[in-house]
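Colleague: One structure, pasted below without further comment.
The values are calculated or read from the model by the stated rules, or taken from the named source; none is laboratory data. This structure is a prediction, so every number in the text was calculated from the model and none was measured. No Cβ is skipped: glycine too gets one built from the backbone with ideal geometry, and neighbour counts run over all protein chains shown. Calculation scope for accessible area: heavy atoms of the full protein, side chains included, ligands and nucleic acids excluded. Shrake-Rupley method; radii C 1.70, N 1.55, O 1.52, S 1.80 Å.
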Amino acid sequence: MTPNIARVALPVPLDKQFDYLVKPGQQPVVGGRVKVPFGRQQLVGIVMALTDTSDFAINQLKPIHTVLDSAPLWEPSLFKLLTWASQYYQYPLGDSLANAMPALLRKGREAAPSALKMWQLTESGHNQPLTTLKRAPRQVQALTMLRQGALSHEAMLAEEVSSATLKALADKGWIEAIEQTPALRHWLSQFAVTEEKPRLNEEQALAIASVNANPDFGCYLLEGVTGSGKTEVYLNLLEPVLAAGKQALILVPEIGLTPQTINRFRRRFNVPLETIHSGLNDTERLSAWLAGRDNQAGIIIGTRSALFTPFANLGIIIVDEEHDASYKQQDSLRYHARDLAVMRASQANIPVVLGSATPALETLHNAKSGKYHHLILSRRAGSAQAARHGVLDVKGQFLEAGLSAPLIARMRQHLEAGNQVMLFLNRRGFAPAVICHDCGWLAECQRCDAYYTFHQQSGELRCHHCATQRPMMHHCGQCGSTQLNAVGVGTEQLEQQLETLFPTFKTVRIDRDSTRRKGSLENYLEAIRNNEYQILIGTQMLAKGHHFPDVTLVALLDVDSALFSNDFRASERLAQLFIQVAGRAGRASKPGEVVLQTHHPEHALLQSLLYRGYDHFAAEALNERKQAWLPPFTYLALLRAEANQSELVEQFLQQVRGIFETSPVASQDTQVMGPNPAPLARRAGRYRWQLLLQAPSRRALQQWLSVAKPAIALLPLAKKIRWSIDVEPQDLT
Ligand code: ADP
Ligand code: ZN
Ligand code: ZN
C-alpha cells in the first residue's frame, strides 16, 4: 500500500510534527515543501516522513492543500544537518527548517529560477532568406543569432540588438517572445585560472599539501597573522576543487564581506561566484540559493546564514576569521556557523578549513588535542613587519577625553610624520551617563536597569538596550538642579576633543551611529585609504577586515573593562582585537606601533599577550579555563527567562532548576547555577533572569536538555514567561 499520510514540520513554536492526508495524485517528497491548512491559516511546511499510520484517526486528518516541491530542498547530508541542528540547539524543527530557507521559499514560491523573456524564430522567420533584409543589418544579425536557438532579451541587448529592432521583426511575424527558464549550464567548461599566482612559501605549500593529501573529511585550523598568506592558501585549495567541477563555500564574518575580498576570488578564477549576506533582497537571496543548488555557482561567499545554502556538489568549506563572534546567531535557532560548518563537512565527507590569526580557544583546544590538524603560517607573506607594542600605565594620570598625555604626545609625533592614527573605544555616543552635580542623581532609562547614554549630536538621551530615546533634560529628575554633567567618554566626545587637540588634522568616527546609512561604511573606508582623514576613531567595527597601510599608531583606550569583566570570554576578545589591530597597522617602510591604556599593566594575561604573543596568552587562558571548569573543558547552556513581574520569573526558574536537578540524567558532573538576575536585570520593562547549566560533555548536555525541555514546557508558568535555551552561548548577558 502506498503511504497516504505525510508527517509535516511546520513553522510553529511547538516541538512536534503534524499529520496530513495525501490526496490521490499528490506526490509529496520527504524534504520537500507542502502547503497545508493549520487552524484558520495555511502554512508552508517540510515533509519529514511519508507513512500509512497516524496517532490520530484518519478521518480527523486534513488533506494537504498543495505539494510545492517534487524534489527535496536540500541535499541529504544538509537536510540531516538541519534536523540535527534543531535538536542540538533546542529549537523547534519546523521553525529551524523555515529559518534555513530563503524568505520566498518560506512563502511558497517555486524553488526554480524564474522565467525570462526570450526571443525565438517563428516558422516564417526560419524560412526567410536573409538577403531580403540587406538594408537592415541589425535585423539580419538578430535573425542569425536566433537560428542557433532561443535567446533572452537581455542577451540580445548585450549584443547591441535594440528593442526597436526586435519589435520590427516581431511585427513582421518572424520572431516571437516567449517566457522560458534559461537552460542550466555547468560552468566547468569555462573554468580557468585567470591570474598569475605568487610563488608559495614553504609553510603555505605545506598547508596546501596537508589538506590536499586527503579529499575526505578533515578539519584544519590554518593559523596565521594578517598578511601571512591565508587567503592565498584558500585560493590554492579551491583550484583543484573547482577544476574537478566541485563547488566551494566560503564563510566570512558579517563585516568581512568587502569588495576587496570578493575581487580576489573573481580575479583568480573564471567561475560564477555568488555572495550571500544581509544586504540582499528576497529575490537575490533566492537566486543565490538556487545557484548553489543547481550548480550555477562555483564559489559562494557569504556570512553566517550562507551555511544553509544547498550545493549540488560541494567540495570544500572555508571559514575565514573563525573566531569571529558574528558566527553565532543570537536569537531563534542559536547556531554557531563555524561549528555547523565542521559538522556539514563531516556529513558531506569533505575538508573544512578554519582560518584565523587568533583562533578561538575552543578551536585551539581541538587543534592541540589532535582533533583538528594545525597548520601554521608564522611569517608575513608580503614585506610588512610586525608592529611594536607597549602599555601606557594611566594610574593617577589626567585623562583628556580618555587620552593620557603620553598618548597625545605620541599621536602628535605620528601625525606630524604624515601618518594616520587609529583609536579604539568600545562605547558609542557622547557620554555613557548623565549625573546631577548637586545630588548625584543619574539619568536612568525607565524601562531598563541601565543609564541613558548622552548623544550630543542629536541632543538626545538614548538607551542602548531598548529603543527608548528622549530629548536631553534641563533639570535633575530628583532635585530640579540645572547642574547636569555628562560622565565618562564615548566616541562622540572623543571625536570632539580630538578636533580641539589636533585642529589641523581631520578626524573620522566609525561606529554604528555614524555608519547607519547603507554604503556609508564603504565610503568612509575609501576616504581613509585616500588619506582624507588622519585620525580614525571607532568601536571594534573598525578592526575587522580592513588594512590601513598608513596607520602607524593604534591605541586601545580602555582595556581594563575587558580585563575585569564578568564575562569569561572578555579577555579572549581583547586579545583577539589586539592582535587584529596590530596586524592591520603599518607596512614595511612604516612599521606600526600599538599602545594599550590600562590601570593594570601588571595583569598576567596582558603581560603574556604583549610579551609572548597570542599563543602563550591562549595557552594560559586555556589553563585558567581548565582550572575554572569553563569551556572548552565543559559545555554550557544558558536558560534565559523574562517577564513583567520579577518574582514570577525567579519562581519559574526555581522550578526549572528542580527539573534539571532531579533529572534522571543529572550526575555529579552536571551543575545548575542560578537563578540569577541577568547582567542587565531589566530591559524594556521586562525582568530578566537566567539559569546556567554545565555538563562535562556535549552528549551529557544534550541528554540533559532534551529530557528537561518537554517538562519545562508543561510548567504552568512556562506560558506566562518568555524563555529560551542558548546552547553553548557566546554571550552571557
Ligand atoms: P591573509 O589572508 O593571511 O591576510 P593574504 O593571502 O591576503 O594574507 O596575503 C597577504 C599579501 O601577501 C597579499 O597581498 C598576497 O597577495 C601576498 N601574498 C600571499 N602569499 C604570497 C606569496 N607566497 N608570495 C608573495 N606574496 C604573497
Ligand atoms: Zn532602556
Ligand atoms: Zn539633582
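Colleague: Just to check your reading of the model, which residue among Ala71, Ala85 is within 25 Å of the chain's Cα centre (by Cα) and not assigned by TED's automatic domain parsing to the domain that holds Ala306?
Modeller: Answer to the selection: Ala85.
Colleague: Continuing with this model, one more query. Please go through the stretch 651-677 and pick out each residue that is part of a strand (DSSP E or B) and buried (at least 18 other Cβ atoms within 10 Å of the Cβ).
Modeller: Scanning the stretch 651-677 gives Val672, Gly674, Pro675.
Colleague: Let me ask you something else. Mind listing just one residue for me: the one in the stretch 478-514 that is open to solvent by 50 Å² or more (accessible area, probe 1.4 Å) and in a loop (DSSP other than H, G, I, E, B) and, of those, farthest from ligand 2 (Cβ to nearest atom)?
Modeller: Once the filter is applied, the top-ranked residue is Thr504.
Colleague: Hey, any hits in the stretch 412-422 for a residue that's away from ligand 1 (no atom under 16 Å from the Cβ), modelled with pLDDT of 90 or more and either within 29 Å of Ala621 (Cα to Cα) or of a type in the set (Lys, Arg) (or both)?
Modeller: Yes: the stretch 412-422 contains one or more residues that are away from ligand 1 (no atom under 16 Å from the Cβ), modelled with pLDDT of 90 or more and either within 29 Å of Ala621 (Cα to Cα) or of a type in the set (Lys, Arg) (or both).
Colleague: I would also like to ask the following. State all residues of the stretch 678-703 that are surrounded by 16 or more Cβ atoms within 10 Å (Cβ to Cβ), out of contact with any strand residue (DSSP E or B) (no Cβ under 6 Å at 6 or more places or on another chain) and assigned to a helix (DSSP H, G or I); if no residue qualifies, say none.
Modeller: If the condition is that a residue be surrounded by 16 or more Cβ atoms within 10 Å (Cβ to Cβ), out of contact with any strand residue (DSSP E or B) (no Cβ under 6 Å at 6 or more places or on another chain) and assigned to a helix (DSSP H, G or I), then Ala700, Gln702, Gln703 are the ones that fit.
Colleague: When you look at Arg266, is it among the basic types (Lys, Arg) and assigned to a loop (DSSP other than H, G, I, E, B), yes or no?
Modeller: Judged against the criteria, Arg266 is not a match.
Colleague: Has the stretch 187-209 got any residue that is in a strand (DSSP E or B), touching a Pro at 6+ places or on another chain (Cβ under 7 Å) and either closer than 25 Å to Gly302 by Cα or away from ligand 1 (no atom under 16 Å from the Cβ) (or both)?
Modeller: No - not one qualifying residue is present in the stretch 187-209.
Colleague: Looking only at residues in the stretch 413-425 that are in a loop (DSSP other than H, G, I, E, B) and open to solvent by less than 40 Å² (accessible area, probe 1.4 Å), which one is nearest to ligand 3 (Cβ to nearest atom)?
Modeller: Leu425
Colleague: Kindly indicate which of Gln296, Gln347, Gln260 is in a loop (DSSP other than H, G, I, E, B) and open to solvent by 20 Å² or more (accessible area, probe 1.4 Å).
Modeller: Gln296
Colleague: Something else about it: Looking at the stretch 164-184, is at least one residue part of a loop (DSSP other than H, G, I, E, B), at pLDDT below 85 and surrounded by 14 or more Cβ atoms within 10 Å (Cβ to Cβ)?
Modeller: Yes, because at least one residue in the stretch 164-184 is part of a loop (DSSP other than H, G, I, E, B), at pLDDT below 85 and surrounded by 14 or more Cβ atoms within 10 Å (Cβ to Cβ).
Colleague: Inspect the stretch 467-475 for any residue being out of contact with any strand residue (DSSP E or B) (no Cβ under 6 Å at 6 or more places or on another chain) and at pLDDT below 90 and give the result as yes or no.
Modeller: Checking the stretch 467-475: at least one residue is out of contact with any strand residue (DSSP E or B) (no Cβ under 6 Å at 6 or more places or on another chain) and at pLDDT below 90.
Colleague: Please return the ranges of helices (runs of 4 or more DSSP H) entirely within the stretch 564-639 where 2 or more residues are closer than 19 Å to Glu321 by Cα and in contact (Cβ under 8 Å) with a residue 24 or more places away in the chain.
Modeller: So the answer is 570-584, 614-627.
Colleague: Can you pull out the residues in the stretch 426-475 that are outside any loop (DSSP other than H, G, I, E, B), farther than 25 Å from Gln540 by Cβ and within 10 Å of ligand 2 (Cβ to nearest atom)?
Modeller: Listed by number, the list holds a single entry, Glu444.
Colleague: Now a separate question. Among the residues of the stretch 289-299, is any more than 18 Å from Gly245 (Cβ to Cβ), modelled with pLDDT of 95 or more and within 16 Å of ligand 1 (Cβ to nearest atom)?
Modeller: Within the stretch 289-299 (the criterion being more than 18 Å from Gly245 (Cβ to Cβ), modelled with pLDDT of 95 or more and within 16 Å of ligand 1 (Cβ to nearest atom)), the answer is no, since none of the residues qualifies.
Colleague: With the requirement that a residue be among the small types (Gly, Ala, Ser) and either open to solvent by less than 70 Å² (accessible area, probe 1.4 Å) or on the phi < 0 side of the Ramachandran plot (or both), what does the stretch 1-55 give you?
Modeller: Ala6, Ala9, Gly31, Gly32, Gly39, Gly45, Ala49, Ser54 - these are the residues of the stretch 1-55 that are among the small types (Gly, Ala, Ser) and either open to solvent by less than 70 Å² (accessible area, probe 1.4 Å) or on the phi < 0 side of the Ramachandran plot (or both).
Colleague: Same structure again: For the condition farther than 30 Å from Gly227 by Cα and more than 16 Å from ligand 3 (Cβ to nearest atom), what is the one hit in Thr491, Thr539, Thr504, Thr482?
Modeller: Going through Thr491, Thr539, Thr504, Thr482 in turn, just one is farther than 30 Å from Gly227 by Cα and more than 16 Å from ligand 3 (Cβ to nearest atom): Thr504.
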